[in-house]
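Working notes, beginning with the structure itself.
The values are calculated or read from the model by the stated rules, or taken from the named source; none is laboratory data. Predicted model, so just to flag it, every value in this text is computed and none were measured. Cβ placement follows ideal geometry from the backbone for every residue including glycine, while neighbour counts extend to all protein chains displayed.
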Amino acid sequence: MTAEVSQDLIEAGRGYEELFVPALFAPWTEHLVAAAHVGEGSHVLDVACGTGVLARRALAKVGVAGRVVGVDPAPGMIAVAKEIEPRIQWIECAAENLQLEDGAFDCVVSQFGMMFFDDRPKAAEEMFRVLKKDGSLAVAVWNTLDENPVYQDVVALLQEHVSNRAADALRLPFSLGNAEEVFDCVQQAGFAGVQSATRFEKGKFRSARQMVEAELRGWLPMFDINLEEDEIETVLAASEKVFNKYAAHSGEIEFTTSAHIITAQKG
Ligand SMILES: C[S@@+](CC[C@H](N)C(=O)[O-])C[C@H]1O[C@@H](n2cnc3c(N)ncnc32)[C@H](O)[C@@H]1O
């Protein structure tokens with residue numbers, strides 16, 4: 001319940017929605033709803049929904065005859081998702097233990113969450129369980145850091161100016177970059193027609209400073225890495241040189257992001 005969620009978690013959720021969602025995550029939603037064949041009247045589940053950007057895109061497609069549910073174990077994310085779109089059903093639960101009935105959905109979608117799951121095979125089994133027969137699955141995971149070079153540069157910056165642990169915290173989102181593990185989990189869960197496609201999108205921040213600050217203030221604290229203000233300033237000053245090569249005249253940073261989209265059906 002929103003009333004029981006601490007203000008800090010709600011602020012962290014709002015920060016995620018403001019800093020990361022438009023810059024990195026929103027552009028991928030259209031790929032996912034298309035890959036899972038979300039259409040008028042579909043019943044759709046978004047797993048690891050965060051603040052709900054993908055579920056909101058699905059809602060716009062399904063119309064009044066459809067149903068959209070978003071699940072995430074982070075109470076701050078769910079609280080903010082509810083604030084933004086009360087017409088979606090938001091449930092605080094993990095992918096490994098979906099609090100949902102068998103065979104309820106035509107489409108299950110999940111973007112950029114699977115690398116954080118404790119038990120990925122179990123999560124894939126749960127996604128299979130809640131799908132109807134002939135239902136569709138679409139899961140996105142980031143490609144490797146080599147294929148997301150701007151983040152390769154941010155990792156190197158954290159390694160040089162913060163710590164190994166900080167660099168590792170940013171390596172984690174790219175840790176399923178060869179897509180094989182996801183492919184295998186999905187296949188072993190019983191899905192048919194499993195396929196993986198590599199896709200590209202644009203990432204965009206107002207400035208290099210804003211991009212790196214999002215990581216320092218928004219991402220590292222999730223791993224209990226809380227920098228002092230003078231450390232933050234040192235990293236930000238160093239970042240301006242590193243990221244000049246990505247900057248437009250306006251100062252905006254625009255770059256290509258790469259991800260794998262794994263699709264399958266419940267045969
Ligand atoms: C990078 S965010 C992506 C959120 C959202 N899909 C988006 O595109 O903005 C990763 C999300 O995975 C969630 N997550 C972590 N462990 C999870 C688990 N075991 N089951 C479901 N979600 C999980 C986090 O709480 C977080 O909201």
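Only one residue in A138, A124 is in a strand (DSSP E or B) and either among the acidic types (D, E) or away from the ligand (no atom under 11 Å from the Cβ) (or both). Which one?
A138
Read through the list (1) outside any strand (DSSP E or B); (2) over 13 Å from the mean Cα position of the chain (by Cα), then give the number of the only condition that W28 fails.
Here W28 meets the rest and fails (2).
Scanning for something under 29 Å from E252 (Cβ atoms), hydrophobic (A, V, I, L, M, F, W, C), within 13 Å of the ligand (Cβ to nearest atom) and surrounded by fewer than 18 Cβ atoms within 10 Å (Cβ to Cβ), does segment 27-41 turn up at least one residue?
Checking segment 27-41: not a single residue is under 29 Å from E252 (Cβ atoms), hydrophobic (A, V, I, L, M, F, W, C), within 13 Å of the ligand (Cβ to nearest atom) and surrounded by fewer than 18 Cβ atoms within 10 Å (Cβ to Cβ).
Identify all residues within segment 227-261 that are among the aliphatic types (A, V, I, L, M) and either assigned to a strand (DSSP E or B) or on the phi > 0 side of the Ramachandran plot (or both); write none if there are none.
Result: A247, I253, A259, I261.
As an exercise: evaluate A189 against (1) in the same structural domain as V33 (by TED's automatic domain parsing); (2) without any contact (Cβ under 8 Å) to a residue 60 or more places away in the chain and give the number of the one condition it does not meet.
(2)
Return the total of residues in segment 161-205 being out of contact with any helix residue (DSSP H, G or I) (no Cβ under 6 Å at 6 or more places or on another chain) and among the hydroxyl-bearing types (S, T, Y).
So the answer is 2.
Based on this model, can you work out whether V71 counts as near the ligand (Cβ under 9 Å from one of its atoms), buried (at least 23 other Cβ atoms within 10 Å of the Cβ) and of a type outside the set (G, A, S)?
yes
Taking the stated definitions as given, is R14 free of Cβ contacts under 8 Å to residues at least 60 places away in the same chain, in a helix (DSSP H, G or I) and in the same structural domain as V186 (by TED's automatic domain parsing)?
Against the criterion (free of Cβ contacts under 8 Å to residues at least 60 places away in the same chain, in a helix (DSSP H, G or I) and in the same structural domain as V186 (by TED's automatic domain parsing)), R14 does not qualify.
Would you pick out the residues in segment 1-49 that are within 25 Å of G203 (Cα to Cα), modelled with pLDDT of 95 or more and hydroxyl-bearing (S, T, Y)?
T29
Of all residues in segment 91-121 being surrounded by fewer than 23 Cβ atoms within 10 Å (Cβ to Cβ) and closer than 24 Å to E40 by Cα, which is nearest to the ligand (Cβ to nearest atom)?
Within segment 91-121, the match that is nearest to the ligand (Cβ to nearest atom) is I91.
Can you name the residue in segment 48-61 that is near the ligand (Cβ under 9 Å from one of its atoms) and not in a loop (DSSP other than H, G, I, E, B) and, of all such residues, is surrounded by the fewest Cβ atoms within 10 Å (Cβ to Cβ)?
Among residues in segment 48-61 that are near the ligand (Cβ under 9 Å from one of its atoms) and not in a loop (DSSP other than H, G, I, E, B), the one surrounded by the fewest Cβ atoms within 10 Å (Cβ to Cβ) is V53.
Just to be sure before I move on: is V64 outside any helix (DSSP H, G or I), away from the ligand (no atom under 15 Å from the Cβ), of a type outside the set (S, T, Y) and in the same structural domain as S196 (by TED's automatic domain parsing) in the structure I sent?
For V64, the condition - outside any helix (DSSP H, G or I), away from the ligand (no atom under 15 Å from the Cβ), of a type outside the set (S, T, Y) and in the same structural domain as S196 (by TED's automatic domain parsing) - is met.
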